[in-house]
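The values are calculated or read from the model by the stated rules, or taken from the named source; none is laboratory data. Every value quoted in this text rests on a predicted model; they were computed, and no experiment measured them. Positions of Cβ are generated from backbone atoms using ideal geometry, with glycine treated the same way; all protein chains shown enter the neighbour counts. These area figures cover heavy atoms from the full protein model, side chains too; ligands, DNA and RNA do not enter into them. Shrake-Rupley method; radii C 1.70, N 1.55, O 1.52, S 1.80 Å.
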Amino acid sequence: MEKDSDVLMRYRAVTNKLKKRFLKKPNVAEGSEQFASLAKNLKNQECPQYAGFCCLAQARCEHTLSNAAGEAQALTDAARAFLEAWKMDEELKVPGFEEHLTSSINCYSHAIRVHIENKNITLAAALCLEVGNALRKANKVGEAIGHYQRAAELQSHSALDCLDALNFVASCKMETKDYEGALAVLTEMAYLAHERGGSSVTGKPLGAYCDILAVCEITRVLLLLLLQPTPQRIRPEHAQTLEKYTWESCDSLTETYLGEDLYLLLQSVVMACQSQDLESLRSLQKDLWPLLSSEQNQILHFIIHELAHPSGEGI
């Protein structure tokens, strides 16, 4: 590893070349290349925080050159470098105020803004997802939600991409036990899949949209069973969803996107909850376990726990 003084000397040398002098125009393009080279060397020497500062200097050069693509890329490199520095500090248990993580998020946000200003919406949305994933891995799930929501908004022109981003939002809300919020997002997803995924001939959703609708329906039913809204508080669309799974609505199988076995099992769960049949519900849990996602199984576990312990202790 280079000594800190050597790194600082090289950084200052490049910076001095970029200062305006009488009758001499600085070579900003050369300065950008030199900052990029220094950043690469520092990354190879496992000094990501210093590499991040060099990437920021490179971004300023690209901004001066009106090279928006180069500026956004340098900012993204800086964000990733600061994120790596934060991870290293976490692994080594270095005390601090998460300044590297804050710097990383600020660089991501700046890069996203540059992409949006230059109509590169797809790249901006991809970075929103990247920073959301980084925050989620850092156990900052609540903070990740806003970035996933922004990704969904930016991708409103692409239904499947928007639905993927909204699915992250719903997962984060369930992870933070905001079940009402998750239910609202899943309902929004179901409407979007119906509206944008329909066939031009039949109007019915096709392909991946059917899979999304199936996941939304299962999770929504389980969340409603967990939340147990009163008849006065339940929204009409949620009441209609539960009504599909009553014995009086046996024809509802044709209106769902689930297989017959899964539909009948879910219908049995609804009826067992309504009759507070804990033994039957535990038996159904074993049959449903391989058919549900980890999130859905977790909700079903909470439903059973709530039925067994109405006080909600231990959840």
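Which of the residues that make up segment 273-301 are of a type in the set (A, V, I, L, M, F, W, C) and either part of a loop (DSSP other than H, G, I, E, B) or in contact with a Lys or Arg (Cβ under 9 Å, 6 or more places away or on another chain) (or both)? Listed by number, the list holds a single entry, LEU292. Of all the residues in segment 204-248, those that are open to solvent by 60 Å² or more (accessible area, probe 1.4 Å) and at positive phi number 1. Could you list all residues from segment 259-269 that are hydrophobic (A, V, I, L, M, F, W, C) and either surrounded by fewer than 20 Cβ atoms within 10 Å (Cβ to Cβ) or without any contact (Cβ under 8 Å) to a residue 40 or more places away in the chain (or both)? Matches in segment 259-269: LEU262, LEU264, LEU265.
Within segment 44-70, the set of residues being aliphatic (A, V, I, L, M) and closer than 16 Å to PRO26 by Cβ comprises ALA57, LEU65. Residue pairs whose Cβ atoms lie under 9 Å apart, sitting 6 or more positions apart in sequence or on different chains, and linking a residue in segment 277-291 that is small (Gly, Ala, Ser) to a partner that is open to solvent by 40 Å² or more (accessible area, probe 1.4 Å), are SER280/MET271.
Listed conditions (1) touching a residue at least 40 places away in the same chain (Cβ under 8 Å); (2) open to solvent by 30 Å² or more (accessible area, probe 1.4 Å); (3) farther than 18 Å from CYS55 by Cα are all met by SER103, apart from (3). Checking each residue in segment 127-157 for being under 21 Å from ALA193 (Cα atoms) and without any contact (Cβ under 8 Å) to a residue 12 or more places away in the chain picks out GLU153, SER156.
Within segment 272-284, if we keep just the residues that are farther than 21 Å from LEU183 by Cβ and open to solvent by 40 Å² or more (accessible area, probe 1.4 Å), the residue that is nearest to the chain's Cα centre (by Cα) turns out to be ARG282. When the residues of segment 186-203 are narrowed to those that are within 25 Å of the chain's Cα centre (by Cα) and at pLDDT below 90, which ends up surrounded by the fewest Cβ atoms within 10 Å (Cβ to Cβ)? Restricting to residues being within 25 Å of the chain's Cα centre (by Cα) and at pLDDT below 90, the top hit is GLU195. Screening the candidates GLN73, GLN58 for the property of being crowded, with 24+ Cβ neighbours inside 10 Å and free of Cβ contacts under 8 Å to residues at least 60 places away in the same chain yields one hit, GLN58. For first residues located in segment 158-172 and under 12 Å from ALA190 (Cα atoms), partners that are in a helix (DSSP H, G or I) and of a type in the set (D, E, K, R) and lie 6+ apart or on another chain with Cβ distances below 7 Å form the pairs ALA159/ARG196; LEU166/GLU188.
For the criterion of being buried (at least 20 other Cβ atoms within 10 Å of the Cβ) and at pLDDT 95 or above, ALA68 fails.
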